[in-house]
Amino acid sequence: MKFKTLAVMQPYIFPYIGYFNLLNSCDVFVLYDDVNFIKQGWINRNRVLNSKNEVMFSVPLVNQSSNLAINEVTVANYERFKVKFLRTIEQCYSKAIHFEVGLDYVTEVLNTEFTSISELASSSIEVAKERLNLQCEILTSSEQFAHTKGMERSQRLIAMAQILGCNRYVNSVNGSFLYDKNEFSNNGVELKFIKPTLLPYRQCNAREFHAGLSIIDLMMNLSVEEIRTHLDSFELV
């Protein structure tokens, strides 16, 4: 059977390679921006690496609340954050082999016009998708699937797949306890879970490998051709 595959995930800021494994596994990717904001999650924060330690960065927010949808949460003191973050990136990666390429990626994202953390995070995904030559189509739940909001969690994903003519849905393996393969199958959609393989790679000045960092770290240290190996490194179960 030929599969047309859907994946759905909240927009995360400069996400890790496993997020892009998900994009690489599907034909259509939906940014889930109209579900509740997750505090202390990855929507507005991630990690990079300096010569000694992992560095957590966080985009400041005005009104972060789990009672708000992601696209309702706005960014605070953005210009101040932008200047500080670019300085951090330069301090962390000035000696990286692909520093200019990585910095250009970060700068393009930060220069995006936006009104919410959802739009800024989405830009970090969409710009990376283009630079890494990923072929999936990206849609947004609040724009293309607003009429499905309010449906039960599994049924909304099934409805999206049916609307798009997709007969496979791929979800992060971390959500395997949330969904029933039989429920999806009974609605004509095969459910698969993705298990990324976080392959080690060279990291400038690092004594030991640090897995799961922001995609920024890969772009600073590897060529697009080298990153391709990491994009293809996953298993569907």
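Within 10 Å of each candidate Cβ there may be at most 11 other Cβ atoms; applying that plus a DSSP loop requirement, which GluC sites (Glu not before Pro) in the stretch 180-237 survive?
Working: sites: E183, E190, E208, E225, E226, E235; in loops: E208.
The qualifying sites are E208.
Work out the FRET efficiency for V101 and N77 from their Cβ-Cβ distance, taking R0 = 25 Å, and round it to the nearest 0.05.
On the way: r = 28 Å, r/R0 = 1.12.
FRET efficiency, V101 to N77: 0.35.
List the GluC sites (Glu not before Pro) within the stretch 111-150 that fall in a DSSP loop (any state other than H, G, I, E or B) and whose Cβ has at most 14 other Cβ atoms within 10 Å. All intermediate terms of the calculation are to be shown ahead of the outcome.
Working: sites: E113, E119, E126, E130, E137, E143; in loops: E113.
Listed in order of number, the matching sites are E113.
Place the peptides 145-155, 193-203, 92-102 in order of packing, highest mean first, counting for every residue the other Cβ atoms within 10 Å and averaging per peptide. It would help to have the intermediate numbers written out before the result.
Numbers: 145-155: 12.6, 193-203: 15.7, 92-102: 17.5.
Per-residue Cβ counts within 10 Å, averaged per peptide and sorted highest first, yield 92-102, 193-203, 145-155.
To make sure I understand, if each residue's beta carbon is the centre and we count other beta carbons within 10 Å, what order do C26, C204 fall in, fewest to most? List each step's numbers first, then the result.
On the way: C26 24, C204 18.
By the 10 Å Cβ count, ascending, the order reads C204, C26.
Can you tell me how much longer the chain between S66 and M1 gets when fully stretched, taken as 0.36 nm per residue apart minus their C-alpha distance, in nm with one decimal? Mind showing how you got there, number by number?
Details: separation 65, 0.36 × 65 = 23.40 nm, distance 4.03 nm.
Between S66 and M1, full extension yields 19.4 nm more.
So for the pair L199, F114, with labels modelled 7 Å out along Cα→Cβ, what separation do we get in nm?
Between L199 and F114, the simple spin-label model gives 2.9 nm.
Expressed as a rounded percentage, what relative contact order does the chain have, with Cα pairs under 8 Å and six or more residues apart?
Details: 416 pairs, mean separation 70.9, N = 237.
Once divided by the residue count of the chain, the mean separation gives 30 percent.
What FRET efficiency comes out for the pair F209/S176, r = Cβ-Cβ distance, R0 = 22 Å, nearest 0.05?
On the way: r = 26 Å, r/R0 = 1.20.
Between F209 and S176 the formula returns 0.25.
Loop only by DSSP, 13 or fewer other Cβ within 10 Å of the Cβ. Give me the trypsin sites (Lys or Arg not before Pro) in the stretch 1-81 that pass, ordered by residue number. The partial results should precede the final answer.
Working: sites: K2, K4, K39, R45, R47, K52, R80; in loops: K2, K4, K39, K52.
Taking the stretch 1-81 and a limit of 13 other Cβ atoms within 10 Å, the loop trypsin sites (Lys or Arg not before Pro) found are K2, K4, K39, K52.
Computed from the coordinates by the stated procedures, all read-outs in this text should not be read as laboratory data. Keep in mind it's a predicted model, so treat the numbers as computed, not measured. Heads up, the Cβs are rebuilt from the backbone with ideal geometry, glycines too, and the neighbour counts pull from every protein chain shown.
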